[in-house]
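A short worksheet on the structure shown next.
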Amino acid sequence: MSMKNISQEKKDMINLSRRSFMVGSMKTSLFMAFGAAAIPSLLSAKESIETKQFSPNIWFEMDTDGNVIVNIAKAEMGQHIGTPIARILADELECDWDKVSIVHVDTDPKWGYMVTGGSWSIFHTYKPMSQAGAAGRMVLIDAGAKLLGVPANSCKAEKGFVISGNKKISYGDIVANGNVDKTFSADELAELPIKPGKKRHLIGVNADYKALDIPPKTNGTAVYGIDVEVENMLYARPILPPTRYGSAVTNVDDSKAKSLPGYKGYKVLTDPSGTIEGWVTVLATDYPTAIKAVDMVKVSYNAGKTANVSEADIQKEGERIVRDRKEGTVFVDEGNIELAQSKAAQTIEALYTTATANHFQLEPLNAIAEFKGGKWHIHTGNQWQSLTLPTVAKAAEVPESDVILHQYYLGGGFGRRLYGDWIVPALLTAKAAGQPVKLVFMRPDDTLFDQPRSASTSLFNASFDENNQFLGMEHALAAGWPTLKMAPGFLAPGVSGEGKVDMFSASGADHWYTMSHHRARAVNNKVAQDTFTPGWLRSVGQGWIVWGLESFIDEVAMKANKDPVDFRLAMLDGKGKQGGKAPESVGGATRLANTLDILKKKTANVKLGADEGIGYSVSAGQERTMPAWLATAAHVHVNKRTGKITVKKLWVVSDAGIVIHPDGAIAQLEGSLLWGLSLALFEHNEVKNGQVSKTNLHTYLPLRMNDVPEMDIELVESEEFPVGLGEPGVIGVAPAIGNAVYQAIGVRLRHLPMLAQHVTAALKA
Amino acid sequence: MIEFTLNGKKVQTDAASDTPLVWVIRDEFGLKGTKFGCGVAMCGACTVHIDGNAIRSCSYPVSLAKGKNVNTIESLNNEHPLQSAWVEEQVPQCGYCQSGQIMQAATLLDRNPNPSDQDIVNHMSANYCRCMAYARIKKAIKRAATSSVQYFDPNASSEGENA
């Protein structure tokens, strides 16, 4: 499947899978699966299932005891995704939840597109999973009615039984005795009604249940990629070149390493996929020897041309391109901003910047590569198998069908494990060694090979009439673009059809405020782009774009002499294009206004001490096509002498439609609010000499428990289509803090992270 | 040859004396519950107990373990009150740091069965959780503390989830 097909895939998934659905009994199990196409094949349901002609995204089986196994094609990286997916199914299937278990599957080409990211999982699976459950229930009721000798319309299904009056039969007995072979066409499936949110009993804002993946994560039995071993494997550690691209190895001297017992030499890697350049790996019988050997092997290079690039160079280019209207791609163009600007009596301009930041997922990158039975077997935790697998196959110079990615728990994803570029050096080393290899990155190796959140530059210009009435806004934003590097088929056209834009580095600027004149232009920062692989870091572009936008909205409100909350509420009127679309954004901006209104009331009576303030923001991550409506507030104290910003409390009011797993949603919001806080006040990794300058946790300092503020999280009860919540909580925190700092001490901070030195410098200015 | 006690059993290793203990535990003795995170004792994913103290095994040479009692997450046998509290409070997200968090917290409760919020923060702030499940870690420690301390309550019934 090509890159472009993912957007079609996504549409199919939420609109209602344009696929047939099959239910068939085989041996001692009942299988239920979506067909590979809209039109049922000539094969019966049983035959199709037997020959695996079905989509992997949804298939499940039930045994004669009524146990249900749900296969999950999503990566588990902390979001407990398998549980709510199974729960959606079980709710419609009316099976016994205590008999449901989940299995995470490996890749297989015939299983279709596999990606876990973008906060898409619930959004994509809600409807098909519901319909799959409903179809399964209907088939079980029909088969159960036959076995009971009653008409099907006298039956109902409940907790694993088909019941008619005082007669009943368990699902397990139906599986044991019934002969089921039923196919629903895509149209038939589409006509199956799914329950409205309030009729659901296993999901919804009041559903209370625990995640199935948690117990093994409390006793050491959960298996992550780094825990895997295969027979006869060597261990390897990489030696990274001085630049991400364009370096070449000129000499390797391992004479000192040769005395190490267990040292097995080194490989200079040549990569047919072009993913890595100038890499050396060292081999050993055990990993500690590989760690030591790296320090004893001396590699000389011709360094790539970015060897001297600094953060200042990236920012300088950023400022140049946001100021040059000929650069980049216009992707929002409402009204006529040029006309508004020519008529303006007054304007304000502000430049917002953010520093380079890293993933620092706790499990360092690692992979085992083994050639066995004519295929490459890769063992690692990966988010986007369908993007990764073609690159791995290219590096191995084999067809894609000869690569299998075996999936494990991910020790943190956050976007770093989407594109599995780290698999390539593992594979090339194994190929060169003629033996299975487990490549493990030490933490500094991992950091230097990270796909960081690019430094960014955003320029805002607002126009006002002579009465300080806001007329319109121009917004230009620049950064390295992850999608351009890793998935170029995903770039979208500009608003006029001209140019290309990485919407993952633009979403958020296409906000839900009604503005008569609004233009947004995204520009790729080529200095950043050439220096590192820009990464999709949790909340991606929204994380830095909305920091600038929502800070600047406060600046505009101040200029217009309006209260920042009321100013926002007035612009969130849901008119025109801001009215939303079915199913994903019904109500549009009015739902965002509702969350802000709730938050305004909640925070109306907070007592503020000296040098304290509350700031607000709204966000609608991750995309206009899947908005989670969030209003965020931060209560901060600023020490004017030291400049230290202390966040005392964070609030968020979230409307994400039907909430499938409320406790999981709250966990995601807790984590993402703290991510937002960490990126707002603590995390920065400036590029120096072509690489990030901090390589481990003694210098890179994300938030720890001692900086955790009180958090107040409210989920709005909603009957609307469910959207993702894995990332959006990150977005609003930084601007809420920046706006709170302004309220507290009258200082406007325009760089992330907001450090004490910025506060003291601004106070002196 | 270095001999020490691992989860109650005497073990011997031929690993070089400067080998970080974490790799001996994981790769030689196959106990994968202890995780490797940063390699410089700054994250706590590799925390084990050595003679009852919480130690970062990534920065602890195996030679220092000679003659000592080393206990890993596996030694808790899924019976430690922290482990059930971790499930009750639904603490783990990705879960990678949680063996270390639990081992770190266990030494707090050993010495201070009824810690205050500040005691917990002081004891736990060197343990990194990238999912930032800190609020729940704190809640779970409090839950385990109250469930492991015996109070006399004349009105208490013997029923209840912590009984």
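Where a number appears in this text, it was derived from the coordinates with a stated rule and is not lab data. Since the structure is predicted, the reported quantities are computational estimates derived from the model, not experimental observations. No Cβ is skipped: glycine too gets one built from the backbone with ideal geometry, and neighbour counts run over all protein chains shown.
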(Q) Using the Kirkwood formula on the Cα atoms of region B:2-74, what hydrodynamic radius do you get, in angstrom to one decimal? (A) 11.7 Å
**Q.** Peptide-level mean, for A:693-705, of C-beta atoms on other protein chains within 10 Å
**A.** 4
Q) How much net charge surrounds A:S44 when only other residues with a Cβ under 13 Å from its Cβ are counted (Lys, Arg +1; Asp, Glu -1)? A) -1
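Per DSSP H run of n ≥ 4, the term is -39500 (n - 2.57); total these for the protein assembly as shown, divide by its residue number, and report the mean residue ellipticity at 222 nm rounded to 500 deg cm²/dmol.
Numbers: 24 runs with 269 residues, N = 928.
Dividing the helical sum by the residues of the protein assembly as shown leaves -9000 deg cm²/dmol.
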Q | Per-residue average of Cβ from other chains inside 10 Å of B:121-127 | A | 3
Q. Loop-only check: which trypsin sites (Lys or Arg not before Pro) in region A:309-384 are DSSP coil with at most 16 other Cβ within 10 angstrom?
A. A:R325, A:K326
Q: Take the alpha carbon atoms of region A:415-494, find their center, do the same for region B:88-132, and report the distance between the two centers in whole angstrom.
A: 32 Å
(Q) Roughly how far apart, in whole Å, are the Cα centres of region A:248-271 and region A:733-750? (A) 52 Å
Q: Pull out a ≥ b ≥ c, the square roots of the eigenvalues of the alpha-carbon gyration tensor of chain A, then state rounded if a/c is under 1.5, prolate if not and a/b is larger than b/c, and oblate in the remaining case.
A: oblate
Q: Using only Cα atoms, tell me the angle between helix B:134-148 and the longest principal axis of chain B; keep it within 0 to 90° and round to the nearest 10.
A: 70 degrees
Q.
Full-extension gain between A:N689 and A:R320, please, as 0.36 nm times their residue separation minus the C-alpha to C-alpha distance.
A. 130.7 nm
Q) What percent antiparallel are the DSSP beta bridges of region B:2-74, to the nearest 5? A) 85 percent
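Of the listed peptides A:706-712, A:512-518, what is their order by residue-averaged count of other C-beta atoms within 10 Å, with the highest listed first?
A:512-518, A:706-712
Once the other residues with Cβ under 10 Å from the Cβ of B:C38 are scored (Lys, Arg +1; Asp, Glu -1), what is the net sum?
+1
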Q) If we count every other residue with Cβ under 12 angstrom of A:G265's Cβ, Lys/Arg +1 and Asp/Glu -1, where does the sum land? A) +2
Q: Nearest 5 is fine: what % of DSSP beta bridges in chain A come out antiparallel, could you say?
A: 75 percent
Q: Distance between Cα centroids, region A:630-668 to region A:280-358: provide it in whole Å.
A: 28 Å
Q: Find the relative contact order for region A:362-492 and round it to a whole percent, using C-alpha pairs within less than 8 Å whose residues are 6+ positions apart.
A: 25 percent
Q: Looking at region A:446-580, send over the antiparallel percent of its DSSP beta bridges, to the nearest 5.
A: 60 percent
(Q) Contact order normalised by length for region B:2-74, with contacts defined as Cα pairs under 8 Å and 6 or more residues apart; what percent is it? (A) 41 percent
Q: Give the peptides A:60-67, A:252-259, A:527-534 in descending order of average Cβ contacts within 10 Å, highest first.
A: A:527-534, A:60-67, A:252-259
Q) Can you give the longest stretch of chain B with no exposed loop site, where a site means chymotrypsin sites (Phe, Trp or Tyr not before Pro) in a DSSP loop (not H, G, I, E or B) with at most 12 other C-beta atoms within 10 Å? A) B:1-150
Q. Mind checking the mean number of beta-carbon atoms from other chains within 10 Å of the Cβ atoms in A:670-677?
A. 4
Q: Give the peptides A:601-609, A:565-573, A:301-309, A:77-85 in descending order of average Cβ contacts within 10 Å, highest first.
A: A:77-85, A:565-573, A:301-309, A:601-609
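If a/c stays under 1.5 just call it rounded; otherwise compare a/b with b/c (prolate if a/b is bigger, oblate if not). Do that for region A:224-267, with a ≥ b ≥ c from the square roots of the Cα gyration tensor eigenvalues.
Oblate.
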Q | Mean separation of Cα contacts under 8 Å (6+ apart) over length of chain A, as relative contact order % | A | 13 percent
